[in-house]
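Notes follow the structure.
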Amino acid sequence: METDLWQYYKQTRPGQVQLLGVDMYNGTESQLRTFRSSTGATYPLLLLGASPTGGNLLDDYGPNDNYVVINKQGICRLNTYPMWAHGSRYRLTEIRACVDSLVTTPADVPGARGPSAHTLRSAPNPFRTVMEIEFSNPGTIPRAARVTVHDLAGRLIATLWDGTAPGGLTRVEWDGRARGGIAVGPGVYVVRSEVGGVVLTRRVVRIQ
């Protein structure tokens, strides 16, 4: 987890993603430091996580090996505890897809502007039946826009918008179906928007 998540986001999203380890057994500060030394963990470790002092995360997120993703507004966007069995909850693909859905990165397109100008959001993520996708045209002039869904190999799954987008925000929905109307299986997909030559992508996860 140290390399797969914390180091990855320190390099790719500096200052945007924080990783916390939670002490669910309410050990002492000395014990927590010993754990930190023995594991080599460099991300912050939260003491007394299963007590009122530490926020009583046990009631909200369960015991043992659990992983949650919480956005900047304090809303839990992913909780692996009820979704997978003990011992198999470290779902790197799903965790990273959820985190990636909360930060937008422009693709390497000449002249592309940052996410403050162009946005691409999706919710809920992960989703089961229907996901709402919101993209923006930051100008006042209508621009050519295209929003598509792809698998991780880059193959086109569905086209959600192909035309002119007015200024401001536009919302579309994806019901988890491919172009032929057949529902796609659980997994990770990529939503891609192109508005006025600026390309943004987000990973999204469909679950059973």
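In the range 44-76, of all residues being under 27 Å from Gly15 (Cβ atoms) and β-branched (Val, Ile, Thr), the one that is surrounded by the most Cβ atoms within 10 Å (Cβ to Cβ) corresponds to Val69.
Listed here are the residues, each with its yes/no results for (1) modelled with pLDDT of 90 or more; (2) out of contact with any Pro (no Cβ under 8 Å at 6 or more places or on another chain); (3) surrounded by 18 or more Cβ atoms within 10 Å (Cβ to Cβ); (4) under 14 Å from Met131 (Cα atoms).
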{"position": "His150", "(1), (2), (3), (4)": "yes, yes, no, no"}
{"position": "Gly154", "(1), (2), (3), (4)": "yes, yes, no, no"}
{"position": "Thr164", "(1), (2), (3), (4)": "yes, no, no, no"}
{"position": "Trp174", "(1), (2), (3), (4)": "yes, yes, yes, yes"}
{"position": "Arg177", "(1), (2), (3), (4)": "yes, yes, no, yes"}
{"position": "Ile182", "(1), (2), (3), (4)": "yes, yes, no, no"}
{"position": "Val190", "(1), (2), (3), (4)": "yes, yes, yes, yes"}
{"position": "Ile207", "(1), (2), (3), (4)": "no, no, no, yes"}
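Take the conditions (1) in a loop (DSSP other than H, G, I, E, B); (2) in contact (Cβ under 8 Å) with a residue 40 or more places away in the chain; (3) within 30 Å of Val149 (Cα to Cα); (4) among the aromatic types (Phe, Trp, Tyr); Tyr9 misses just one of them, which is (1).
Pro82: at pLDDT below 80 and surrounded by fewer than 18 Cβ atoms within 10 Å (Cβ to Cβ), yes or no? No: the conditions fail for Pro82. Checking the condition in the same structural domain as Lys72 (by TED's automatic domain parsing) and either among the acidic types (Asp, Glu) or modelled with pLDDT of 85 or more (or both), which residue from Arg128, Arg121, Arg89 passes? Going through Arg128, Arg121, Arg89 in turn, the sole match is Arg89.
Note on the range 26-43: among residues that are assigned to a loop (DSSP other than H, G, I, E, B) and exposed (fewer than 12 other Cβ atoms within 10 Å of the Cβ), the one that is nearest to the chain's Cα centre (by Cα) is Gly40.
The values are calculated or read from the model by the stated rules, or taken from the named source; none is laboratory data. Computed from a predicted model, the values in this text were never measured in an experiment. Positions of Cβ are backbone-derived with ideal geometry, glycine not excepted, and every protein chain shown enters the neighbour counts.
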